[in-house]
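> Just dropping this structure here.
The values are calculated or read from the model by the stated rules, or taken from the named source; none is laboratory data. Everything numeric here is computed off the predicted structure, so don't read it as measured data. Positions of Cβ are backbone-derived with ideal geometry, glycine not excepted, and every protein chain shown enters the neighbour counts.
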Amino acid sequence: MKVLVTGGAGFIGSNFVHRTLATRPDAEVTVLDALTYAGSTTSLDGVLERIRFVEGDVADAEVVDPLVAGSDVVVHFAAESHNDNSLADPSPFIRTNLVGTFTLLEAARKHDVRYHHVSTDEVYGDLELDDPKKFTEDTPYTPSSPYSASKAGSDHLVRAWVRSFGLRATLSNCSNNYGPRQHVEKFIPRQVTNVLDGVRPKLYGDGLNVRDWIHVDDHNDAVWTVVERGRAGETYLIGANGEMNNRDVIALILELMGQEPDAYDHVTDRAGHDRRYAIEAGKLRQELGWTPRYETFRDGLAATIDWYREHEEWWRPAKETTEAKYARTQQVLAR
Ligand code: NAD
Ligand code: DAU
């Protein structure tokens, strides 16, 4: 199978490539990635020689068209992915997440290529902490941030191309991923690398916001399950019952790294900060038979901390600029 992976030099996409080559030796993988601040070919170390890597923009039809034409399936990960960045400057989110998806859809329609769209649970807005409900495939879309609104728009484009043009497409909406090769701007890698640097972790607001954590390999196995067995036009939610509030995540990181569990600082909250995400993944489990492999968040988190300890050369180049960006954001929020 010839697989075109967009965003394959980013966090989830690069893990998808590693996992695909490990589990599907006959797959021919092409990665299309613009190598923004969030992408690096070092995330493909060890597999780069077994794939075709194309540096390019998913919103550039001249690049996209021949790559899609030569593929059996497109798995679309490429995106601007960070909420804080979308609050500082939404414009790249509109171009990559909306125009980029549109460009891929047009190519997939023209060449009748199977398309899988990787999306987020954030399209469903947020839940109250005490709400007994979780997100399902029927939850109405109410995105909060420019990032989640751009992903919601891209999901709607995919559904319109299925209905109006008969595109052979599936969608998946997943909760918060953790694991190796995640950019140091994101919550878990930021705090782990802060502790490694002797800096106290930073908790937004009261820290009671809940995220539904899933290991990136479990997400990617679910994506393959949907690519291989999902019904065209259908959406599948991906989650592993991993709800935990941010305070407890920080306390666990600190404990696993041999620090006092309260050795962190509260900082000004993110604007519009979603309170809680929670996924009901029954459709994926019952219809397609997927189950997560990582049994406890604690074990997956400990392995992730070890990965950052052992791969300073991977995260160090981005650390200083990321923290400088956060310092500027805090100054703006404090005004
Ligand atoms: P990431 O920011 O780590 O990686 C994004 C990748 O896309 C980078 O390699 C970047 O260079 C590339 N890219 C950005 N703009 C591009 C463009 N115009 N053309 C080509 N490549 C471009 O993101 P991630 O966390 O790996 O997320 C991947 C996908 O999964 C996104 O679509 C995101 O919305 C979705 N998702 C992420 C999570 C999560 O927890 N991180 C959860 C659910 C869904
Ligand atoms: O739910 C899926 C989404 O998860 C994906 O679509 C996004 O691409 C991905 O970035 C992630 O979004 P979040 O905004 O939930 O992730 P982030 O890592 O930025 O933050 C997780 C939580 O931690 C959130 O409640 C904000 C908080 N936080 C974050 C940072 C960076 C802090 O308390 N301190 C921090 O320094």
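> Would you please list the contacts, defined by Cβ atoms under 7 Å and residues six or more apart or on different chains, that run from a residue in region 5-23 that is of a type in the set (A, V, I, L, M) to a residue that is away from ligand 1 (no atom under 13 Å from the Cβ) and part of a helix (DSSP H, G or I)?
21/50
> Condition test on residue 4, is it in contact with a helix residue (DSSP H, G or I) (Cβ under 9 Å, 6 or more places away or on another chain) and closer than 19 Å to residue 112 by Cα?
The answer is yes for residue 4.
> Write out, first by first residue and then by second, each pair whose Cβ atoms fall under 8 Å of each other, whose residues are 6+ apart or on separate chains, and whose first residue, in region 112-131, is basic (Lys, Arg) while the second is assigned to a helix (DSSP H, G or I) and modelled with pLDDT of 95 or more.
114/108; 114/227
> Now, a different point. Could you check region 37-55 and list, in sequence order, the residues that are outside any helix (DSSP H, G or I), crowded, with 17+ Cβ neighbours inside 10 Å and within 8 Å of ligand 1 (Cβ to nearest atom)?
Answer for region 37-55, where residues must be outside any helix (DSSP H, G or I), crowded, with 17+ Cβ neighbours inside 10 Å and within 8 Å of ligand 1 (Cβ to nearest atom): 38, 39, 40.
> Ok, one more. Filtering region 6-36 down to residues that are away from ligand 2 (no atom under 16 Å from the Cβ) and assigned to a helix (DSSP H, G or I), which residue is nearest to residue 100 (Cα to Cα)?
Filtering region 6-36 for residues that are away from ligand 2 (no atom under 16 Å from the Cβ) and assigned to a helix (DSSP H, G or I), the one nearest to residue 100 (Cα to Cα) comes out as 17.
> Further, regarding this structure: I'm trying to understand the selection: among the residues of region 186-230, which are within 11 Å of ligand 1 (Cβ to nearest atom) and of a type in the set (S, T, N, Q)?
220
> Output the residues belonging to region 42-58 that are within 18 Å of residue 79 (Cβ to Cβ) and polar (S, T, N, Q).
Across region 42-58, the qualifying residue is only 43.
> Within region 291-300, is there a residue that is in contact with a strand residue (DSSP E or B) (Cβ under 6 Å, 6 or more places away or on another chain), in a helix (DSSP H, G or I) and not hydroxyl-bearing (Ser, Thr, Tyr)?
Yes, some residue in region 291-300 is in contact with a strand residue (DSSP E or B) (Cβ under 6 Å, 6 or more places away or on another chain), in a helix (DSSP H, G or I) and not hydroxyl-bearing (Ser, Thr, Tyr).
> May I ask you to verify whether residue 181 is over 12 Å from the mean Cα position of the chain (by Cα) and at pLDDT 95 or above?
No.
> Can we say residue 237 is crowded, with 19+ Cβ neighbours inside 10 Å, under 22 Å from residue 120 (Cα atoms) and within 22 Å of the chain's Cα centre (by Cα)?
yes
> Got a sec? Which of 19, 52 is among the basic types (Lys, Arg), more than 30 Å from residue 325 (Cα to Cα) and within 20 Å of the chain's Cα centre (by Cα)?
The conditions single out 19.
> Quick one: is residue 88 more than 10 Å from ligand 1 (Cβ to nearest atom) and either in contact with a helix residue (DSSP H, G or I) (Cβ under 9 Å, 6 or more places away or on another chain) or among the hydrophobic types (A, V, I, L, M, F, W, C) (or both)?
Values: more than 10 Å from ligand 1 (Cβ to nearest atom): yes; either in contact with a helix residue (DSSP H, G or I) (Cβ under 9 Å, 6 or more places away or on another chain) or among the hydrophobic types (A, V, I, L, M, F, W, C) (or both): yes.
Spelling it out, residue 88 is indeed more than 10 Å from ligand 1 (Cβ to nearest atom) and either in contact with a helix residue (DSSP H, G or I) (Cβ under 9 Å, 6 or more places away or on another chain) or among the hydrophobic types (A, V, I, L, M, F, W, C) (or both).
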